[in-house]
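The values are calculated or read from the model by the stated rules, or taken from the named source; none is laboratory data. Since we're looking at a predicted model, the values are computed, not measured. Using ideal geometry, Cβ is built from the backbone for each residue, glycine included, and neighbour counts are taken over all protein chains shown. Accessible surface areas use protein heavy atoms only, side chains included; no ligands, DNA or RNA. Shrake-Rupley method; radii C 1.70, N 1.55, O 1.52, S 1.80 Å.
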Amino acid sequence: MPVKLSEIGVYAFADVEAKWQAKWLKEETFRAKCDRKLPKYYILEMFPYPSGKIHVGHARNYTVGDIVARYHRAVGFNVLHPIGWDAFGLPAENAALKRGVHPKEWTYYNIRVMRRQMQELGLSYDWRREFATCDERYYGFQQKIFLALYKKGLIYRKRSEVNWDPVDNCVLANEQVIGGCGWRSGAPVEKRMLSQWFLKITAFVEELLNEIDNLTGWPEKVKVMQRNWIGRSEGCSITFKTSKGEDLVVFSTRPDTIFGATFLAISPDHSMARKLAETDSKVANFIKEFKKGSVAQEFLDRQEKTGVYTGVTVDHPFLDRKLPVYVANFVLMNYGTGAIFATPAHDQRDYDFAKKYDLPIERVVASPNENNDELPYLDDGILVNSDFLNGLTVDKAKKAIIQKLCDIGAGKRETFFKLLDWGISRQRYWGCPIPIVHCSKCGIVLLNNEDLPVLLPGDVAFEQPGNPLDRHPIWKHTKCPQCGGGAVRETDTLDTFFDSSWYFLRFCVDDANSSDLLNKDDLASWMSVDQYVGGVEHAILHLLYARFFSKALTECGLANIREPFANLFTQGMVCSVTYRKENGDWLFPEEVRRTISGGYEVIKTGENVIVGNLEKMSKSKKNVVDSDDIVKKYGADTLRLFIVSDTPPDRDFPWSDDGVEGCWRFLNRLWRLFVYAHSCGVGAKRCYGIENLAFENCEKHIHQLRKDFHRTVKNVTDALEEKAMNRVVAYLRDCVNSIYQLVDDIDTHIDAFSIIIRELLKLLAPIVPHICEEAWDMLGFEGLVSNASWPSYEAKYLEISMINLPIQVNGKLRGTIDVAVNMDEEMIFARALAVPTVQNSISGKSVKNKIFIRGKIINFVV
RNA sequence: GCCCGCGUGGCGGAACGGUAGACGCAGCGGACUUAAAAUCCGUUGUUCGGUAGGACGUGUGGGUUCGAAUCCCUCCGCGGGCACCA
């Protein structure tokens, strides 16, 4: 007997979701197949750092990927959808310091918690491939990679100035320095000279830059950021002779302005500056001040140009002019040659400096606009006061001057990049040990492959700040593999970005027991990643490093990959409201309540609360929503649905509790439909194959439903291909609405409803898989909806025979007529003209032109 | 400063150059209920009008077009990235 729609109870998600999650795990439903004949699809979300909790920002990332994975399975791909843990890193050590837990214990505990949370989200991962970068097998193999890169000359050791965090006692990457302070400690970063290991990312700089053009599946935004980061500039180097008889090499992208050069400037870090400082106290003082100043942020903000004259001059290569050499704070040592020639008339910085120190300014490029005599002049123009360059355009002058400099042996064409080699040493315990020993006799010695892995010692003490490996009583003392004498291990560990630069390759390898984590056959069958999903915050770092690694490993013969990620999707951030006290303290949402007057107050104290903007969820702002809380209250399907509803996945997502409620209601609406249909006899027994979706001999309204359904299949499929999940949800809701319109007739159309609901479940399953499995099972369909194939639509059902045709007069809508699409043109015009509102707006005027686009519009021009 | 991206109802957002506002959230009205919740039905850009039907409307100003949210130019605003890169 059919139940009453209104009497169907609330959907009991908790048991349902647990049941299907267990089944998927047990049956390994989402295990990638080893069949290489099947078309493959590798979908990957950026793996998380095991911080301890999955928040809704994570959930968004993984849900988007999961929908893509489930959809591709349904359309027939052999899908690889793995997950793992970016598990080394400082937070584990800080937790150890704070709570006395071992970093390893803390990390693996967090992984267990987060794995459970992920499984409770119904994410369709191949869990057999899961690993953490702190697993011995992984980092042990990584040490082999280190050796291979070293042997290829892609790793080197260099003494250089690095960012040093005096509180955390370790080196920071440039990107971890925010506003001159450590991102974690907040302490002003110091500069320190240290011997560090570097990866020679610059060896592939041209390739990394040029191949960006081929990354057609990447967002333009990310490509632009990478191009800027690499920062290629073409120009030439010029060698000047100093009054002391030395060579001073400068780099310029504007060699055409050489005749306007009035001084030279070198970086305080330039070797010549250091040398001069030994004898010149003014230079020495300036360098000292510079070092001090470079730490303070306000100094950078002011961007005030300062310098000191060295007493040294150089000869201008073409003029009888001596150019003074300054040490100047605005010249960077790590770009170009650390020295420039300055043409104040055509460079803002040179101009500022010249004004301050009263140096000559000589114009050599004339503006095409004769009235423009403003300086500095930075645009294109015609060369003047420049001897043999006079009359040339900037472009031509550049070529001419470079040629001339080459001819006289004073310069050469050169290209410089902003990209610098990647410092990978970290003075931390919780990272991958570097497989190197320092031998007093042999110097730096690589370990042999047989000596690997170098395992992290478990018995470390964290009471003191600094690197516990360095203080460990025995760990670092070892034998030199070359001479057998006493040696000391490298106690620095690798930057965790090293770990995450090849994890996507390790996922490809199927055999858990293989010692080769970069098995070539496996790599060949799965790489490249067909779809990578992650936050835009990795636009440069991780994504550039991973690209570099692919090339470097290929160079070493360990892989054969040009570009690792064929398509990249960057999802937006999840944002939520913030609450603060008037003194600026952040408040948790549960600490505040609405007042009668419509404002907010602190529940405990009644203090006034300032409601802030939607901001990116962060612990410090106390506006993070924990995925567990939502899953417990509404279930995973509701969270999954909500997180992809409404907002396109590449935009920032405004979290709202009301929105969650709305999705929960929709899920119940679905549930009632399935239960009701089931009680009416809808189900597998009334389906006779896909061809029945045609059901030719049916009543008109069911005819319409069929058309709506085919339209839905097309719309949903197209939107999924574009990753417009918000539109997918809209089309599905629309479809459910039109089914509800006919639900009273369900008894007389059991067959039609059976087929439509079966196909609808397939469309819904990628987004809300649990409820779909349950309904699929309840209605008696075979197997799992997760294994069902994607519905197809027929073009003939998308055709429209009747249309509500809009009629415009002078481009303004004046009415519509219902006509057959193929109706005779003259007939349509006649019908259109007969519409009273159309007549009114023509009202006696003569029709000058008639536009008719069949199936679209009529426009009368009067 | 430079380089991107974006401006559509109260809100999230739809819209191959062709009926702007699909779908949802919030709101309003109604049915059911002793009542509430849930559910179902209707309604909701602004404005004039009793209705019919108008006027206005996609940040601003212009242009192209029979027709512009959509294409081109100007300006304004917001967001992001880079930032002494020679």
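Per the conditions (1) surrounded by fewer than 19 Cβ atoms within 10 Å (Cβ to Cβ); (2) more than 16 Å from RNA strand B (Cβ to nearest atom), the sole criterion not satisfied by A:VAL736 is (2). Selection of segment A:643-667 for residues being surrounded by 17 or more Cβ atoms within 10 Å (Cβ to Cβ) and polar (S, T, N, Q) yields A:SER645, A:THR647. Consider segment A:797-823 and keep the residues that are open to solvent by 90 Å² or more (accessible area, probe 1.4 Å) and over 45 Å from the mean Cα position of the chain (by Cα). The one that is nearest to A:ASP708 (Cα to Cα) is A:MET802. Residues in segment A:108-137 that are more than 24 Å from the chain's Cα centre (by Cα) and of a type outside the set (Lys, Arg): A:TYR108, A:TYR109, A:VAL113, A:GLU120, A:ASP135, A:GLU136. Only one of the listed residues (A:GLU774, A:GLU794) is within 24 Å of A:LEU25 (Cβ to Cβ) and open to solvent by 20 Å² or more (accessible area, probe 1.4 Å). That residue is A:GLU774. Specify the residue that is farthest from RNA strand B (Cβ to nearest atom); the eligible residues are those in segment A:668-684 that are open to solvent by less than 10 Å² (accessible area, probe 1.4 Å) and aliphatic (A, V, I, L, M). Residue satisfying both the conditions and the ranking: A:VAL682. Inspection of segment A:647-665 identifies no residue that is modelled with pLDDT under 90 and on the phi > 0 side of the Ramachandran plot. What's the total number of residues in segment A:712-738 that are closer than 30 Å to A:LYS4 by Cα, modelled with pLDDT of 90 or more and in contact with a helix residue (DSSP H, G or I) (Cβ under 8 Å, 6 or more places away or on another chain)? Within segment A:712-738, residues that are closer than 30 Å to A:LYS4 by Cα, modelled with pLDDT of 90 or more and in contact with a helix residue (DSSP H, G or I) (Cβ under 8 Å, 6 or more places away or on another chain) number 10. Residue-level analysis places A:GLU105 outside the set of residues that are within 30 Å of A:SER786 (Cα to Cα) and either surrounded by fewer than 22 Cβ atoms within 10 Å (Cβ to Cβ) or of a type in the set (S, T, N, Q) (or both). In segment A:40-61, how many residues are outside any strand (DSSP E or B), open to solvent by less than 10 Å² (accessible area, probe 1.4 Å) and touching a Phe, Trp or Tyr at 6+ places or on another chain (Cβ under 9 Å)? Residues meeting the conditions: 5.
Of the strands (runs of 3 or more DSSP E) lying entirely inside segment A:355-447, the ones with 1 or more residues being among the polar types (S, T, N, Q) are found at A:411-417. In the set (1) at pLDDT 90 or above; (2) surrounded by fewer than 20 Cβ atoms within 10 Å (Cβ to Cβ), A:GLU759 fails one condition alone, (2).
Residues considered: A:HIS710, A:HIS703, A:HIS749. Of these, the only one that is surrounded by fewer than 18 Cβ atoms within 10 Å (Cβ to Cβ) and more than 13 Å from RNA strand B (Cβ to nearest atom) is A:HIS703. Select from segment A:437-456 the residues that are within 33 Å of the chain's Cα centre (by Cα) and hydrophobic (A, V, I, L, M, F, W, C) and write down the one among them that is least open to solvent (accessible area, probe 1.4 Å). Only one residue fits best here, namely A:VAL454.
Of the residues making up segment A:344-379, those that are near RNA strand B (Cβ under 8 Å from one of its atoms) and either free of Cβ contacts under 8 Å to residues at least 12 places away in the same chain or open to solvent by less than 70 Å² (accessible area, probe 1.4 Å) (or both) are A:ASP347, A:ASP350, A:ASP352. Applying the selection to segment A:838-862, what residues are within 8 Å of RNA strand B (Cβ to nearest atom) and open to solvent by 70 Å² or more (accessible area, probe 1.4 Å)? Passing the criteria: A:ASN840, A:ASN849, A:ILE853, A:LYS856. Among the residues of segment A:222-274, those that are of a type in the set (A, V, I, L, M), near RNA strand B (Cβ under 9 Å from one of its atoms) and open to solvent by 30 Å² or more (accessible area, probe 1.4 Å) comprise A:VAL224, A:MET225.
Residues that are more than 16 Å from RNA strand B (Cβ to nearest atom) and in a helix (DSSP H, G or I) were ranked within segment A:522-547; the one that is most open to solvent (accessible area, probe 1.4 Å) is A:ALA524. Scan segment A:406-436 for residues that are under 14 Å from A:TYR156 (Cα atoms), crowded, with 17+ Cβ neighbours inside 10 Å and not acidic (Asp, Glu) and the total you get is 7.
Of all residues in segment A:576-620, those satisfying the criterion of being among the hydroxyl-bearing types (Ser, Thr, Tyr) and more than 18 Å from A:VAL56 (Cβ to Cβ) are A:THR595, A:SER597, A:TYR600, A:THR605.
Beta carbons closer than 8 Å, at least 6 apart along the sequence or on distinct chains, pair a first residue in segment A:523-536 that is within 11 Å of A:PRO564 (Cα to Cα) and charged (D, E, K, R) with a second that is modelled with pLDDT of 95 or more and surrounded by 22 or more Cβ atoms within 10 Å (Cβ to Cβ) for A:ASP530/A:TYR41; A:ASP530/A:TYR42; A:ASP530/A:ILE43.
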